[in-house]
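Colleague: I'd like to ask you about the structure that follows.
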Amino acid sequence: MLQQTRQRRAAADRRAQSEYENALARHRARVQRARKARDKARAQHRWLTWLRCALAVRREQRQAPSPPGPADGVSDQEEILAAGITGEQLIAAGFGRVLGDDWTLLRGYRNNRGEIDHLLLGPQGLIAIEGKHLNATVHCVGDNWRFEKYDRYGNLVEQDEISDKTGRSPSVQLNEPAAMLEDFLRSRGHRVPVQRVVLLTHPRSKIGNRRNPTVRIATSTDYVVSLLNSSPPALGAAELTQLEQLIVRDHRFHESRRRAAPPRNRR
């Protein structure tokens, strides 16, 4: 997605430059025609016509097209996607340092209710993790989330709701696909609860007001590891293998259906 966004921006920049060059060529042609008419009138001593043509030359020169502005650099969407990649890498690295080979980290699982950034599967159970890379203080009341950003002097500079493009907060983004995954595993004979954690991965993320959250909220992978350590082993090696295979198979099933679905009509 990040690569596609960068490609679209580069293509837009090329189109803008091409349109400017075409407009500039047309402008120069008009100026040249006006100059020829002016010079012809001068040669023929048609002074009134020469005056009108001279004014026409000046008018055309003032109507030169403006060049495209300097490239805006990285777009907001690119920053969001790049931040998401950074957060996912931090999560994977954090777990990789402390968890052994009996743990599996599945990234980007998807079903009909959405995508789960990470599924951590091991002897202590199954944890679904939604990563948010926000340099901000995050507040959560139930399923309503918002953030606040402060400058170095403690002044509030930005605040807004936290939601995806469909308006779902991080907890809803996580709970909906996690609940569907639970139901799927139960239908296959595995009554495995899916624990849910929204993990704030930016080093300056802070948790602010928190009331009645529907998921766990953490600012480091250490919290998730402590959550695992507080739980006794519940899954054996054979069941872990079966669960991993079911999760991967379910993801591939939904991905194939999503890709095969016809595109929605654009209005």
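A short reminder: the numbers here are calculations on the coordinates, not readings from a lab. Just so we're clear, the structure is a prediction, and the values are computed from it rather than from any experiment. Positions of Cβ are generated from backbone atoms using ideal geometry, with glycine treated the same way; all protein chains shown enter the neighbour counts.
Colleague: Enumerate the lysines that LYS132 could reach by cross-link, defined here as Cα to Cα under 27 Å, with residues fewer than 8 away along the same chain left out.
Modeller: By straight Cα distance, LYS132 reaches LYS149, LYS165, LYS206.
Colleague: Going by C-beta contacts inside 10 Å, put LYS165, LYS206, LYS132, LYS36 in order with the fewest on the left.
Modeller: Fewest to most other Cβ atoms nearby, the residues stand as LYS165, LYS36, LYS206, LYS132.
Colleague: Over all directions, average the projected area of the Cα convex hull of segment 117-206 and note it in nm².
Modeller: 7.0
Colleague: Evaluate the relative contact order of segment 76-260 (contact order divided by residue number), counting alpha-carbon pairs under 8 angstrom at least 6 apart; express in whole percent.
Modeller: After rounding, I find 26 percent.
Colleague: Next question, about the same structure. Using amide H atoms built in the peptide plane, which far-off residues or other-chain residues are under 5 Å from GLY125 H to H?
Modeller: Distant-sequence amide H within range of GLY125: ALA234, LEU235.
Colleague: Taking the number of other C-beta atoms within 10 Å as the exposure measure, put TYR20, TYR109, TYR153 in order starting with the fewest.
Modeller: Fewest to most other Cβ atoms nearby, the residues stand as TYR153, TYR20, TYR109.
Colleague: Provide, as a two-decimal number, the C-alpha radius of gyration of segment 2-62 over 2.2 N^0.38 Å, N being how many residues it has.
Modeller: Against the empirical 2.2 N^0.38 Å value, I get 1.83 for segment 2-62.
Colleague: To continue, here is another question. For segment 174-185, take each phi angle, set θ = phi - 60°, evaluate the Karplus expression 6.51 cos²θ - 1.76 cosθ + 1.60, and give the result in whole Hz per residue in order, putting x for glycine and proline.
Modeller: 8, 5, 5, x, 5, 5, 5, 5, 4, 4, 5, 5
Colleague: Ranking CYS140, CYS53 by Cβ neighbours within 10 Å, fewest first, what do you get?
Modeller: Arranged by neighbour count, lowest to highest, CYS140, CYS53 become CYS53, CYS140.
Colleague: Could you please report the charge total around HIS190, scoring K, R as +1 and D, E as -1 over all other residues with beta-carbon less than 15 angstrom from its beta-carbon? Working shown, then result.
Modeller: Numbers: positive: ARG186, ARG188, ARG191, ARG249; negative: GLU182, ASP183, GLU239, GLU244, ASP250.
Neighbour charge sum, excluding HIS190 itself: -1.
Colleague: A further question on this structure: Please turn the phi angles of segment 129-140 into ³J(HN,Hα) values with the Karplus equation 6.51 cos²θ - 1.76 cosθ + 1.60 (θ = phi - 60°), one per residue in order, whole Hz, x for glycine and proline.
Modeller: Whole-Hz 3J(HN,Hα) from phi for segment 129-140: 10, 9, x, 10, 9, 10, 8, 6, 8, 10, 10, 9.
Colleague: Still on this structure, I have one more. Please compute the contact order of segment 95-175 in relative form: average sequence separation of alpha-carbon pairs under 8 Å and at least six residues apart, divided by the residue count, as a percent. Mind dumping the intermediate values first?
Modeller: Details: 115 pairs, mean separation 16.0, N = 81.
After rounding, I find 20 percent.
Colleague: Return an integer: the convex hull volume of the alpha-carbon atoms of segment 76-260, in Å³ per residue. Mind showing how you got there, number by number?
Modeller: Details: hull volume 23.6 nm³, N = 185.
Enclosed volume per residue, from the Cα hull, is 128 Å³.
Colleague: In whole Hz and in residue order, list the ³J(HN,Hα) couplings for segment 200-208 that follow from phi through the Karplus curve 6.51 cos²θ - 1.76 cosθ + 1.60, θ = phi - 60°; x for Gly and Pro.
Modeller: Going residue by residue, I get 8, 9, 5, x, 9, 5, 9, 9, x Hz, with x marking Gly and Pro.
Colleague: Run the simple label-point estimate for ARG28 and SER226 please: 7 Å along Cα→C-beta, distance reported in nm.
Modeller: Between ARG28 and SER226, the simple spin-label model gives 6.8 nm.
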